[in-house]
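Structure first, commentary second.
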Amino acid sequence: MRTRRWARVRTRWSAAAVAGLLLVAGAGCSGDGGDGSRDGRITLRFQSLAWQKESVDVNKELVREWNAAHPDVQVEYVQGSWDSVHDQLLTSFEGGEAPDVVHDASDDLADFAYGGYLADLRGLLSERLRSDIPERSWETTTFGDGVYGVPFLQEPRVLIANAEWLEKSGVRIPTPREPWSWSEFRAVTAELADADGKYGVAWPLKEPVSATLNLSLSAGGRLFHRGDDGKVRIRFEEGDAVVPRTIRDQVNADASAPDSTLGSGGSDTLPGFFGGKYAMVPLGFSYRQQIVQQAPEGFRWRVLPAPAGADGLAQGVSPQTLSVAQDSPHKEEAAAFIDFLLRPRNMVRLALGDWMLPTGTRALRSPSLRRPKDGWEVGTALAGTLRSAPAQSVRGYPEWKDKVATPALQEYYSGAIGLGELRRRLTTDGNRVLNRYQR
């Protein structure tokens, strides 16, 4: 994976003011190289975590376009990796070698924000960018009274379905306007399963916590509750049980989902999906790219919305973010570069390159993101239902997730423990963990 309001912004920069600042900063630089400047020219380091070829190409193209238009403020592209970004950034922050512009995800920012490693962006961003991204997205990067990242790409979880299988079965096909309820989804997967080893759904739950928490928002599940004293406590209520109970029943009671995929990642389920073993797989929206690249010729698939509950299609997300390092001597210029990257047209290019959804309202209106092909129109229809993931600002969440929630959910989904024991471990054991971080 924070909601302290932008109303407290003391200074609002217009795009013209930022451009003027660039000229002044570029002309007045010392040129000694100690602060990222050479011969009067500022050099910013931008660490990108783009990894798919399309995405890397777009990011590098945008850097080239910026550099061509800003000879006095040049950007150096640095390739990072999602696999090691947290430890790598922590090391670079503590060693004073952090990039000026940091690409990360909102659920990884809390420690860096509270630790003083990231700049508070209030007053640095243009009004255009601030107003184009909805408040619900800014909540994912707000910690205390500061805003420490710009959320720009997000992906809901969707159902990737075998279109031919669903059509032959005669089940009702859900849409964002008329989705399945969680109980209807369970019934449909039971109907699609058969005695020949074919399943209605395969749940890849190698990382069960974020999937469970984010999908539970649709059923009214919150799990983490912040009191008047500012402290967070875990309560496992009825809404929190809907999604876990559905998955467990599909695996253990209905035999409509295999237990063999519970320890798998999303990519691990694709061969079985292409081979006709599973009718549906819940996956992140960006998995569509792998499906386009890997599906056998003639395989027909479609994107369906995840099931809805008491709170409709609400779903938690942890958007990709762009931040500025607190130690950067060129914060205004770094913020101006972020503003350039996230102009509506450029945000569309980044979204297409990563097969994800932009957070910007103007970018979301692009026809290229609303076409039926490859399920884009389903994704954009879900954009307004996406919310901050439940644990975004909870200190101690990583330890709770690794030591308490992951093993508890894995045992529950496998049938080793019941709902009462799951509740006890998530709450009693979990609150002990959180309390250590809130003394």
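The values are calculated or read from the model by the stated rules, or taken from the named source; none is laboratory data. Note that the coordinates shown come from a computational prediction; the quantities given were computed from them, not determined experimentally. Note that we place each Cβ from the backbone using ideal geometry, even for glycine, and neighbour counts take in every protein chain shown. For the accessible areas, the whole protein counts, side chains as well, though only heavy atoms, and no ligand, DNA or RNA atoms are used. Shrake-Rupley method; radii C 1.70, N 1.55, O 1.52, S 1.80 Å.
Scoring D374 on the criteria (1) of a type in the set (D, E, K, R); (2) at pLDDT below 95; (3) on the phi > 0 side of the Ramachandran plot leaves a single failure, condition (2). Of the residues that make up region 268-284, is at least one farther than 30 Å from E127 by Cβ and touching an Asp or Glu at 6+ places or on another chain (Cβ under 8 Å)? The answer is yes; a qualifying residue exists.
Could you please let me know if D249 is more than 25 Å from the chain's Cα centre (by Cα) and more than 24 Å from N162 (Cβ to Cβ)? The answer is no for D249.
Is it the case, given these coordinates, that T189 is modelled with pLDDT of 95 or more, within 16 Å of A306 (Cβ to Cβ), part of a helix (DSSP H, G or I) and under 22 Å from the mean Cα position of the chain (by Cα)? Considered against the rule, which asks whether it is modelled with pLDDT of 95 or more, within 16 Å of A306 (Cβ to Cβ), part of a helix (DSSP H, G or I) and under 22 Å from the mean Cα position of the chain (by Cα), T189 comes out as no.
Looking at F143, F112, which is the one that is modelled with pLDDT under 95 and touching a strand residue (DSSP E or B) at 6+ places or on another chain (Cβ under 6 Å)? Only one candidate qualifies: F112. From the list A68, A50, A105, A98, the lone residue that is small (G, A, S) and open to solvent by 50 Å² or more (accessible area, probe 1.4 Å) is A68. Is there a residue being over 22 Å from T361 (Cβ atoms), open to solvent by 10 Å² or more (accessible area, probe 1.4 Å) and not hydroxyl-bearing (S, T, Y) anywhere in region 131-148? Checked region 131-148: at least one residue is over 22 Å from T361 (Cβ atoms), open to solvent by 10 Å² or more (accessible area, probe 1.4 Å) and not hydroxyl-bearing (S, T, Y). Of all residues in region 169-182, none are under 21 Å from S210 (Cα atoms) and charged (D, E, K, R). Please verify whether region 38-46 includes one or more residues that are of a type outside the set (V, I, T), open to solvent by less than 70 Å² (accessible area, probe 1.4 Å), within 24 Å of P134 (Cβ to Cβ) and modelled with pLDDT under 90. Scanning region 38-46, I find no residue that is of a type outside the set (V, I, T), open to solvent by less than 70 Å² (accessible area, probe 1.4 Å), within 24 Å of P134 (Cβ to Cβ) and modelled with pLDDT under 90, so the answer is no.
Residues in region 80-95 that are within 18 Å of S328 (Cα to Cα) and polar (S, T, N, Q) were compared, and the one that is most open to solvent (accessible area, probe 1.4 Å) is T91.
Just one of the listed residues (S210, S216, S181) is open to solvent by 10 Å² or more (accessible area, probe 1.4 Å) and either among the charged types (D, E, K, R) or at pLDDT 95 or above (or both), and it is S181. Among the residues making up region 57-79, those that are touching a helix residue (DSSP H, G or I) at 6+ places or on another chain (Cβ under 7 Å) and within 18 Å of S328 (Cα to Cα) are D72, V73, Q74, V75, Y77. Count of region 122-176 residues, restricted to those that are part of a helix (DSSP H, G or I) and more than 15 Å from the chain's Cα centre (by Cα), is 14. Here the condition is being over 24 Å from E54 (Cα atoms), in contact with a Phe, Trp or Tyr (Cβ under 9 Å, 6 or more places away or on another chain), open to solvent by 10 Å² or more (accessible area, probe 1.4 Å) and among the aromatic types (F, W, Y); of Y278, Y287, it holds for Y278 alone.
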